[in-house]
């Protein structure tokens, strides 16, 4: 395994840098440059704090490998707590369509997560099945428009609004802020209706890591304002895995042991 690094000239100048009125396509292209184009691993340390202030921890591995068409594919595996070890999550995305499967070690087969179940909590965290992908900088699926410019922690941002099907996502709209220079997701607010968000996902601006010509966020916190709970996620940088098997992204086999 090795850390992900780019050769000289591997990435063109970021389209978002200095843009006064960047288009959605330019912002997406800029964000895509921060994603690995081959098999990779990130370690996740998760701390969930409930309304009473009690905290429990989880440890996961996140495997990433784009499809042959370049579409996102994510395999999450739970390592701790040991009582839940082996639980697995699979996300396959194709254009505006995404499919999710979930597997428990005691189950005979994986569960295809659809409809309103996509809004259910994942492993008791404040992230739903449909939200967890945002820690990779993947935008929520829906009808997205650029609405203006903003700021998070002193960093200039592009503001995007995504309209979604409340029946499946649990939200009517998501307002996201993407760093104009690093092209990483700094903040997302999740609205059911009205002007008060139900949840807020926010990056620690100090955790934005830029190496060579790519950037990642190493710390995110999701706050559930209705439940008065929060989930902090600490992520490692990408580590390349040259031989990440295709079965890890097969709905029938994604939960099989790998390491």
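So that you can scan it fast, the table gives a plain yes or no per residue for (1) in contact (Cβ under 8 Å) with a residue 12 or more places away in the chain; (2) buried (at least 19 other Cβ atoms within 10 Å of the Cβ):
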| position | (1), (2) |
| --- | --- |
| 91 | yes, yes |
| 97 | yes, no |
| 106 | no, no |
| 117 | yes, no |
| 127 | yes, yes |
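Assuming residue 167 fulfils every condition listed in (1) in contact with a strand residue (DSSP E or B) (Cβ under 9 Å, 6 or more places away or on another chain); (2) touching a residue at least 12 places away in the same chain (Cβ under 8 Å); (3) over 25 Å from residue 235 (Cα atoms) apart from one, which condition is it?
Status for residue 167: all satisfied but (1).
For segment 222-259, which residues satisfy the criterion of being assigned to a strand (DSSP E or B) and either in contact with a helix residue (DSSP H, G or I) (Cβ under 9 Å, 6 or more places away or on another chain) or at pLDDT 95 or above (or both)?
Scanning segment 222-259 gives 222, 223, 224, 229, 230, 231, 232, 233, 234, 235.
Quick check on my filter: what residues within segment 59-101 are part of a loop (DSSP other than H, G, I, E, B) and in contact with a helix residue (DSSP H, G or I) (Cβ under 9 Å, 6 or more places away or on another chain)?
65, 67, 70, 72
Kindly indicate the residue of segment 16-34 that is surrounded by fewer than 18 Cβ atoms within 10 Å (Cβ to Cβ) and in a loop (DSSP other than H, G, I, E, B) and also modelled with the highest pLDDT among those meeting that condition.
23
Determine, yes or no, whether residue 173 is more than 23 Å from residue 98 (Cα to Cα) and touching a strand residue (DSSP E or B) at 6+ places or on another chain (Cβ under 8 Å).
No; evaluated as a whole, the condition is false for this residue.
Counting just the residues of segment 60-72 that are crowded, with 20+ Cβ neighbours inside 10 Å and over 18 Å from residue 33 (Cβ atoms), which one comes out farthest from the chain's Cα centre (by Cα)?
60
Consider segment 170-206. How many of its residues are buried (at least 19 other Cβ atoms within 10 Å of the Cβ), in contact with a helix residue (DSSP H, G or I) (Cβ under 7 Å, 6 or more places away or on another chain) and in a loop (DSSP other than H, G, I, E, B)?
The total comes to 2.
Tell me which residues, restricted to segment 106-126, are at pLDDT below 90 and part of a loop (DSSP other than H, G, I, E, B).
Across segment 106-126, the qualifying residues are 106, 107, 108, 109.
For residue 243, state whether it is closer than 18 Å to residue 64 by Cβ and free of Cβ contacts under 8 Å to residues at least 60 places away in the same chain.
No: the conditions fail for residue 243.
The values are calculated or read from the model by the stated rules, or taken from the named source; none is laboratory data. Here the structure is a predicted model, which means the values were calculated and not measured. Cβ atoms come from the backbone with ideal geometry, glycine included; neighbour counts cover every protein chain shown.
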